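Here it is: the structure, laid out below.
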Amino acid sequence: MKKTIALVLTLAIAFALVACGGGKAPDKAETSGDGDVLKIVCLINGTLGDKSFFDSCKEGLDMIKAKYGDAVETKCIEMTYDETKWATTAADVCTEDWDIIIAGTWQMAEPIMELSQQYPDKYFWLYDQSAYYDQGDYPNIYSMVYKQNEGSFLAGMVAGGMTKTNKVSFLGGMDNTVINDFLIGFVDGVKYVNPDCAVISSYVGDFSDTPKGKEITLQFFNQGSDVNYGAATKAGLGQYDAVIEKGDGFWVIGTDADQAMVYAPTEPEKSEHTLTSMLKLVNNSFLRAFDMHIGGTLPYGTCESLGIAEGGVGLADNEYYQRLVPAELREKVKKALDEIVAGTLKVNTAFGMDLATLDSYRSGK
């Protein structure tokens, strides 16, 4: 009942592969579907419009559509932030004729693992979270996670080098391992260029409350921080409202997308306060995964970890970064980036970190 989609593979991005799971991948990237059209759906456990993480997912689908045209059908489903809808929506989607079902974050791992067993002829991608391959065989799930600690290290270098008050801050969405991985990299990057700089941090408690994100960022600024790094998707947009309210001498660093360039056409004053953004390139990772799926080389049954060397994360180098950040600091950041890629500079991670060490990072010490 399966048909192989006949497409010529041209890999758009070459990535080094880092496996972090096990399992047996399918022998070939075949699909069921309507004729030769391969159907891909992405389940967003939130909403679009965050100008970062989830918008990057949608952009990834758009990139696949732009490259493969009528040979693919893509759809993005916003499941909202109501967690009671997520598992049932995913189950309903599996009854439809989608060939590849994409979902992300740790909350979706178990529902997708369960559904993959019920629908062995469908393919599932998990992003920003790995399936628990040590708990069973999941040969039709491909997982991709990101080394946000590496990109955050570079963001921390910018913050530590730009502060005038010798105090910077970190706004997280929720207190989980992925968000703490942002924090760990950021603190280490700050201390790398400015060992005496204090780092204060707090969490919104969700990823949608933009007003609370603004409130916490204003608290940071009132406590002496002059550079804030936000890793909170839609809630993190509040840092931009806060920095505009505070005005000159206050800065933010964006996350996931190049947020200065996102704001530039409509709210350029926010771009003028954005030193750079840590890029979590979910969009590129989706296109890469699809290219490999079509070529029969996507390693189903495993997880890949994508960092700077693999093109999974990076730092925005745009006109604002070039103008606002001095050349000497940009050179230091570039040198550190090269050393991370070469493997001579290792960045600490929240994954596997004990609570006592994590708490020391939260305290900024």
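Nearest 5 is fine: what % of DSSP beta bridges in the chain come out antiparallel, could you say?
If I count the DSSP bridges inside the chain, around 10 percent turn out antiparallel.
Can I ask one more? Can you put Ser363, Ser201 in order, fewest other beta carbons within 10 Å first?
Numbers: Ser363 12, Ser201 23.
With the sparsest Cβ surroundings first, the list reads Ser363, Ser201.
Hey, can you grab everything whose amide H is under 5 Å from the amide H of Tyr203? Only 5+ residues off in sequence or another chain; H modelled, so Pro and N-termini drop out.
Gly172
Any idea what the relative contact order of segment 98-189 is, in percent, if you count C-alpha pairs under 8 Å spaced at least 6 apart? Before the final figure, lay out the partial values.
Working: 126 pairs, mean separation 22.6, N = 92.
Here the relative contact order equals 25 percent.
When a footprinting reagent is the concern and you count Cβ atoms within 10 Å, what order do Glu272, Glu339 take, fewest first? Working shown, then result.
Working: Glu272 17, Glu339 12.
With the fewest neighbours first, Glu272, Glu339 line up as Glu339, Glu272.
In the calculated pair distance distribution of segment 264-365, what percentage of Cα-Cα distances lie above 18 Å?
Details: 3422 of 5151 pairs.
Result: 66 percent of Cα pairs exceed 18 Å.
Percent relative contact order of segment 170-251, based on C-alpha pairs within less than 8 angstrom and at least six residues apart? Let's see the in-between values first.
Values: 124 pairs, mean separation 30.2, N = 82.
RCO, segment 170-251: 37 percent.
Compute the Rg to Rh ratio over segment 137-243 from the alpha carbon atoms, using the Kirkwood formula for Rh, and round to two decimal places. List each step's numbers first, then the result.
Values: Rg = 14.6 Å, Rh = 13.9 Å.
Taking Rg over the Kirkwood Rh, I get 1.05.
Apply the a/c threshold of 1.5 to the C-alpha gyration tensor of segment 100-161 and tell me whether it is rounded, prolate or oblate. Walk me through the intermediate numbers first.
Numbers: a/c = 3.72, a/b = 3.15, b/c = 1.18.
It comes out prolate by the Cα gyration axes.
Same structure, new question: Once the principal axes of the Cα atoms of the chain are found, what is the range along each, listed largest first in whole angstroms?
65, 40, 39
If you don't mind, there's one more thing I want to ask. Using Cβ contacts closer than 10 Å as the measure, can you line up Thr165, Thr89 from fewest to most?
Thr165, Thr89
Separate question: Say we join alpha carbon atoms closer than 10 Å with springs in a Gaussian network model of the chain; which of Leu279, Leu126, Leu329 then has the biggest fluctuation?
It is Leu329.
Quick one: Cα centre-to-centre distance for segment 290-365 and segment 61-107, in angstrom?
Answer, in whole Å: 27.
Sort 213-223, 138-148 for me by packing, meaning the mean count of neighbouring Cβ atoms within 10 Å per residue, highest on top.
Values: 213-223: 20.2, 138-148: 25.7.
With the highest mean Cβ count within 10 Å placed first, the list reads 138-148, 213-223.
What is the sum of charges around Ala235, taking Lys and Arg as +1, Asp and Glu as -1, for the other residues whose C-beta is under 10 Å from the C-beta of Ala235? Please report the intermediate quantities before stating the final value.
Details: positive: Lys212, Lys214, Lys234; negative: Asp50, Asp206, Asp209.
Cβ neighbours under 10 Å give a net charge of 0.
Work out, step by step, the length gained on full extension between Ser202 and Thr80: first 0.36 nm times the residue separation, then minus their alpha carbon distance; give nm to one decimal. Can you show the working numbers first?
Numbers: separation 122, 0.36 × 122 = 43.92 nm, distance 2.40 nm.
Stretched fully, the Ser202-Thr80 segment lengthens by 41.5 nm.
Using Cα-Cα distances under 8 Å and only pairs 6 or more residues apart, what relative contact order does the chain have, in percent?
22 percent
Can I ask one more? If you consider only alpha-carbon coordinates, what radius of gyration and Dmax does segment 238-292 have, in Å?
Cα radius of gyration and Dmax of segment 238-292 are 13.9, 47 Å respectively.
What net charge is computed for the residues neighbouring Glu331, neighbours being all others with C-beta under 15 Å from the C-beta of Glu331, Lys and Arg scored +1, Asp and Glu -1? Each step should come with its number before you reach the end.
On the way: positive: Arg330, Lys332, Lys334, Lys335; negative: Asp317, Glu328, Asp338, Glu339.
Overall, the nearby charge balance is 0.
Read-outs throughout are calculated quantities, based only on the coordinates presented, and are distinct from any laboratory measurement. In this text, all values refer to a predicted model and were calculated from it rather than measured experimentally. Cβ: placed from backbone, ideal geometry, glycine included. Neighbour counts: every protein chain shown.
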